[in-house]
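Enquirer: Here it is, the structure, as structure tokens.
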Amino acid sequence: MAACHLSADLLARFFGKGKVLPERDMYMTEKVGTTADLDLIQRIIPHRYPFLLIDKVRDIFPFESCVGIKCITINEALFQGHFPGLPVFPGVLVIEAMAQTSGVLVGMSVDLVDKNAKVFFMSVENAKFRRKVVPGDVLELNVRALRGGGRVWKFEGLAKVDGVLACEAIFTAMIDLPKA
């Protein structure tokens with residue numbers, strides 16, 4: 001797979017510590033974003049089954065936004081206990097799926113493909129759960145970078161099912177690269 005090519009302007013924005021990224025409507029469609037399939041996702045973030053919670057990421061606009069996709073199926077082991085007879089995908093895992101989506105956004109933005117980077121939560125703010133997520137749902141994880149630079153990034157995440165808001169949160173993450 002081809003690595004993301006970055007302009008000098010985008011690199012300057014990334015390496016400018018703590019810069020606030022320009023606001024961009026995460027639903028704009030005037031240009032086509034990049035897509036990451038399961039293979040590319042696994043080359044960017046370290047998560048694996050059963051904790052890899054995204055199936056693909058589309059509409060990737062480096063340093064700006066992307067949309068992760070998670071197909072919720074009854075075959076997932078967590079539904080045996082959450083809850084028997086009433087399977088509900090846990091809200092904290094929806095937030096984790098948004099975080100994994102943001103990890104792919106950062107990875108595509110600063111070329112972390114095959115770099116063995118790790119992404120760690122620093123904070124989760126204003127998390128709200130608006131509807132249940134159940135087997136058969138397709139979860140759309142809209143993530144927008146609010147601030148990026150250096151190792152610390154801040155994101156806004158909106159998780160939707162059929163266009164209806166299921167969860168929202170603001171979260172901050174730190175990127176950790178292994179020592180060379």
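Rule-based calculations on the coordinates, nothing more; no lab input. Predicted, not measured: the structure shown is a model, and the values here were computed from it. So basically every Cβ, Gly included, is an ideal-geometry build from the backbone, and we count neighbours across all protein chains shown.
Enquirer: If I take all pairs of Cα atoms in segment 30-176, what percentage of them are more than 27 Å from each other?
Expert: 16
Enquirer: Let me ask something else about it. For a Förster distance of 30 Å, can you work out the FRET efficiency between the beta-carbons of residue 134 and residue 39, rounded to the nearest 0.05? Display every interim value, and only then the final one.
Expert: Details: r = 28 Å, r/R0 = 0.94.
Computed FRET efficiency for residue 134 and residue 39 comes out at 0.60.
Enquirer: Still on this structure, please answer the following. Using the alpha carbons of segment 70-111, what is the convex hull volume per residue in cubic angstrom, as a whole number?
Expert: Working: hull volume 2.9 nm³, N = 42.
Output value, Cα hull per residue: 68 Å³.
Enquirer: Fewest Cβ neighbours within 10 Å first, please rank 124, 57, 94 accordingly. Mind showing how you got there, number by number?
Expert: On the way: 124 17, 57 29, 94 25.
The order, fewest Cβ neighbours first, is 124, 94, 57.
Enquirer: Then there's this: Take the Cα pairs of segment 42-102, get the Kirkwood Rh, then feed it into Stokes-Einstein at 10 °C and 1.306 mPa s and tell me D in µm²/s. Walk me through the numbers before you get to the answer.
Expert: Numbers: Rh = 12.7 Å.
Estimated diffusion coefficient is 125 µm²/s.
Enquirer: For an R0 of 25 angstrom, estimate the FRET efficiency from the Cβ-Cβ distance between residue 83 and residue 115 and round to the nearest 0.05. Walk me through the numbers before you get to the answer.
Expert: Working: r = 39 Å, r/R0 = 1.57.
Efficiency, from the Cβ-Cβ distance: 0.05.
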